[in-house]
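The values are calculated or read from the model by the stated rules, or taken from the named source; none is laboratory data. Here the structure is a predicted model, which is why all the values come from computation and not from measurement. A quick note on method: Cβ atoms are made from the backbone with ideal geometry, for glycine too, and the neighbour counts reach across all protein chains shown.
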Protein chains: 2
Amino acid sequence: MAIHELITGRLRADILDGVFAPGARLVELQLTERYGVGRAAVRSALVELDSEGLVERSANRGATVRRVPVVEAIQLNEARQALESLIAACAATNATEADRHELLAIGTKMRLAVEAESFSDYSDLNRRLHRRLREMSGHPIASELVANLRARSSHHQFRLALLPGRATESLPQHERIIAAVVSGDPDAARGAMWEHLESVVETLRHWQDLGVEI
Amino acid sequence: MAIHELITGRLRADILDGVFAPGARLVELQLTERYGVGRAAVRSALVELDSEGLVERSANRGATVRRVPVVEAIQLNEARQALESLIAACAATNATEADRHELLAIGTKMRLAVEAESFSDYSDLNRRLHRRLREMSGHPIASELVANLRARSSHHQFRLALLPGRATESLPQHERIIAAVVSGDPDAARGAMWEHLESVVETLRHWQDLGVEI
DNA sequence: GCCACCCCGATTGTCGACAATTCCACAGGG
DNA sequence: CCCTGTGGAATTGTCGACAATCGGGGTGGC
C-alpha cells in the first residue's frame with residue numbers, strides 16, 4: 001500500500017505549500033486526476049489527513065482544507081510549548097558531540113542571516129534547528145506530535161515569520177536554547193524553549209485581540 | 001460518513017477493552033463479519049486507528065493491534081505529563097463554581113474508595129477526575145492529544161492501577177491537584193499534575209529496568 | 001417582489017470483483 | 001540434516017459501477 005502513503009504525503013505537502021488554501025474544497029475526482037490514482041487511495045489520504053487535523057470532512061459534503069482560527073493556533077502553540085520544552089530537555093541529555101557542533105553551526109548561520117537581513121534563510125534555519133532538536137531528542141512520540149502541531153498552525157507560523165523585527169527578537173532566544181543544549185543542561189534547555197514559544201504564543205494572543213484573520 | 005465513524009469507534013473500544021489483545025491480527029474480512037459492514041468501512045477505520053497509533057499496518061501484510069513496549073509507554077506518559085500539566089493550569093483558570101464543587105466531591109469519594117480499599121471504584125474516579133479536568137480546561141487541542149496518549153498506553157495504565165499501594169500513593173497527589181485547581185492557582189495546578197505524572201513515569205522506568213513485558 | 005418548494009447536477013458512500021503480494025508448507029538437492 | 005526453490009492458499013490493494021445524499025437554480029404561488 002505504498003501508493004496510499006505516497007498520496008497522503010503529496011497531498012499533505014500540497015496543503016502545507018499553499019497549493020490548496022485553507023477553505024479550498026478537495027473533490028475526490030479532481031485529486032484522482034491530479035495524482036493519477038484511484039478514488040480509494042484519495043479517500044484513504046483524506047481520512048488520514050482528517051485525523052491529523054489538516055482537512056475537514058463532513059458527511060456527504062466532501063472535504064476541505066481546514067481553516068484554523070487564531071484561537072486554535074494559540075492552543076496549538078501552547079501544546080507545542082509543552083512538548084517542545086520536553087524535546088529540548090531530552091536533546092540536552094542525548095546530544096552527541098557531532099550534534100553539538102551542528103547546533104553551534106546553525107546558531108552562527110542564524111546570526112549571519114539576521115545581520116544580512118535575509119529572512120527566508122533565517123526561516124529555513126529556524127525550521128532546521130527545531131527539526132534537528134527533535135531528531136536528537138530520541139523522543140519519537142513528542143517529535144511526531146510536535147511535527148503535527150507545527151503543520152496545523154503552519155499558516156500562522158508563516159505570517160509570524162514575515163513580521164518585521166521577528167527575527168531579531170527570536171535570535172537571542174534561539175541562541176539561549178542552543179547554548180543550553182550544547183552545555184548539556186536539560187532544565188535550562190527546557191526553560192529556554194519555553195520562553196521562546198511563550199513569545200510566539202504572546203504574539204498570537206496579540207493578534208487575537210486585534211481580530212486578525214488568516 | 002456515519003458508518004465509518006461508527007466502526008472506528010467500535011473497533012477502538014474493542015481494542016481498549018482487550019477484545020483484541022496487543023499483537024492480535026485484524027483481518028479485514030473478519031472485521032467485516034463482526035461489524036456487519038463492507039470492507040471499505042473497515043479499511044477506513046484501520047487507516048484512522050493506524051494514524052492514532054493504536055494499530056499497525058504493514059504493506060500487503062495486514063493490520064495488527066499495536067504492541068507498545070515499555071520504553072514507548074514511558075515516552076507516551078512523558079508527553080502526557082507535559083500536556084496534562086498545561087490542562088491542569090487551564091482548568092485552574094477556567095473552572096466555574098460548579099466545577100470546583102464537583103472536583104471536591106470526586107476528591108472525597110476518592111478518599112473513601114481508598115479507605116474502603118475498593119480499587120476499581122478508585123480507578124473509575126481517577127479516569128473521571130482527569131476527564132473532567134480536560135473538559136473544564138477549555139483546551140480541546142491538548143485534551144484530544146492527551147486522550148489519544150492515554151488510549152495508547154492504556155494497557156500499561158491498567159497494570160499500573162493493579163499495583164499494590166498505588167492508590168494510597170497517588171491519593172495525596174490527586175488531592176493536591178484538586179486543591180490547586182479549586183483555589184484557582186494555575187502554577188500550583190501545573191506543578192501538582194507534573195509531580196503526579198512524574199511518579200507514573202518513574203514507576204514505568206522502574207519496570208523498564210526490571211525488564212517487564214506487557 | 002419575495003418566499004417556499006421541487007427537481008437536477010454534482011459529489012460522496014458503499015459494494016463487489018479482480019489483480020497483486022505475501023507467507024507457509026513441502027519437496028528436492030546438496 | 002539443512003538449505004533453497006517452488007506452489008498454493010490467504011489476504012490485501014486497486015478499480016469501476018451503482019445507490020444515496022446534498023446544494024443550487026429555477027418555477028410557481030402569494
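Cβ separations smaller than 9 Å between residues 6+ apart or across chains give the following pairs from the stretch A:131-146 residues that are within 13 Å of chain B (Cβ to nearest Cβ) to residues that are outside any helix (DSSP H, G or I): A:137/A:95; A:141/B:53; A:144/B:53.
Do we have residue B:149 as buried (at least 20 other Cβ atoms within 10 Å of the Cβ), within 17 Å of the chain's Cα centre (by Cα), within 14 Å of another protein chain (Cβ to nearest Cβ) and of a type in the set (A, V, I, L, M, F, W, C) here? Yes; evaluated as a whole, the condition is true for this residue. Across the stretch A:6-25, not a single residue is classified as within 14 Å of chain B (Cβ to nearest Cβ), in contact with a Pro (Cβ under 9 Å, 6 or more places away or on another chain) and away from DNA strand D (no atom under 16 Å from the Cβ). Among the residues of this structure, residue A:202 counts as one that is free of Cβ contacts under 8 Å to residues at least 40 places away in the same chain and either crowded, with 17+ Cβ neighbours inside 10 Å or under 17 Å from residue A:82 (Cα atoms) (or both). Looking at the stretch B:77-92, which of its residues are more than 18 Å from the chain's Cα centre (by Cα) and within 11 Å of chain A (Cβ to nearest Cβ)? Selection gives B:89, B:90. Against the numbered list (1) within 16 Å of DNA strand C (Cβ to nearest atom); (2) touching a residue at least 24 places away in the same chain (Cβ under 8 Å), residue A:87 comes up short only at (1).
The residue of the stretch A:1-47 that is surrounded by the most Cβ atoms within 10 Å (Cβ to Cβ), among those that are more than 21 Å from the chain's Cα centre (by Cα) and among the acidic types (Asp, Glu), is A:28.
For the stretch A:153-169, check the following and say yes or no: at least one residue is within 14 Å of another protein chain (Cβ to nearest Cβ) and either surrounded by 21 or more Cβ atoms within 10 Å (Cβ to Cβ) or assigned to a helix (DSSP H, G or I) (or both). Yes, the stretch A:153-169 has at least one match.
Taking the criterion of being among the small types (Gly, Ala, Ser), more than 10 Å from chain B (Cβ to nearest Cβ) and touching a residue at least 12 places away in the same chain (Cβ under 8 Å), would at least one residue in the stretch A:32-41 satisfy it? Checked the stretch A:32-41: at least one residue is among the small types (Gly, Ala, Ser), more than 10 Å from chain B (Cβ to nearest Cβ) and touching a residue at least 12 places away in the same chain (Cβ under 8 Å). A count restricted to the stretch B:35-65 and to residues that are at positive phi and within 7 Å of DNA strand D (Cβ to nearest atom) stands at 2.
Is it true that some residue in the stretch B:69-76 is among the aliphatic types (A, V, I, L, M), under 21 Å from the mean Cα position of the chain (by Cα), at negative phi and within 11 Å of DNA strand D (Cβ to nearest atom)?
Within the stretch B:69-76, the subset among the aliphatic types (A, V, I, L, M) is B:70-71, B:73-74, B:76.
Now restrict to residues that are under 21 Å from the mean Cα position of the chain (by Cα): B:70-71, B:73-74, B:76.
Subset that is at negative phi: B:70-71, B:73-74, B:76.
Narrowing the set further to residues that are within 11 Å of DNA strand D (Cβ to nearest atom) leaves none.
Taking every residue of the stretch B:69-76 in turn, none turns out to be among the aliphatic types (A, V, I, L, M), under 21 Å from the mean Cα position of the chain (by Cα), at negative phi and within 11 Å of DNA strand D (Cβ to nearest atom).
When the test is whether a residue is touching an Asp or Glu at 6+ places or on another chain (Cβ under 7 Å), at pLDDT 95 or above and among the charged types (D, E, K, R), residue B:66 passes it. Residue A:112 fulfils the conditions (1) surrounded by fewer than 16 Cβ atoms within 10 Å (Cβ to Cβ); (2) touching an Asp or Glu at 6+ places or on another chain (Cβ under 7 Å) except for a single criterion, (2).
Looking at the stretch A:48-60 only, could you name the residues that are within 13 Å of another protein chain (Cβ to nearest Cβ) and surrounded by 13 or more Cβ atoms within 10 Å (Cβ to Cβ)? Matches in the stretch A:48-60: A:48, A:49, A:50, A:51, A:52, A:53, A:54, A:55, A:57.
Residue A:158: over 11 Å from the mean Cα position of the chain (by Cα) and at pLDDT below 95, yes or no? Taking the combined requirement at face value, the residue does not satisfy it.
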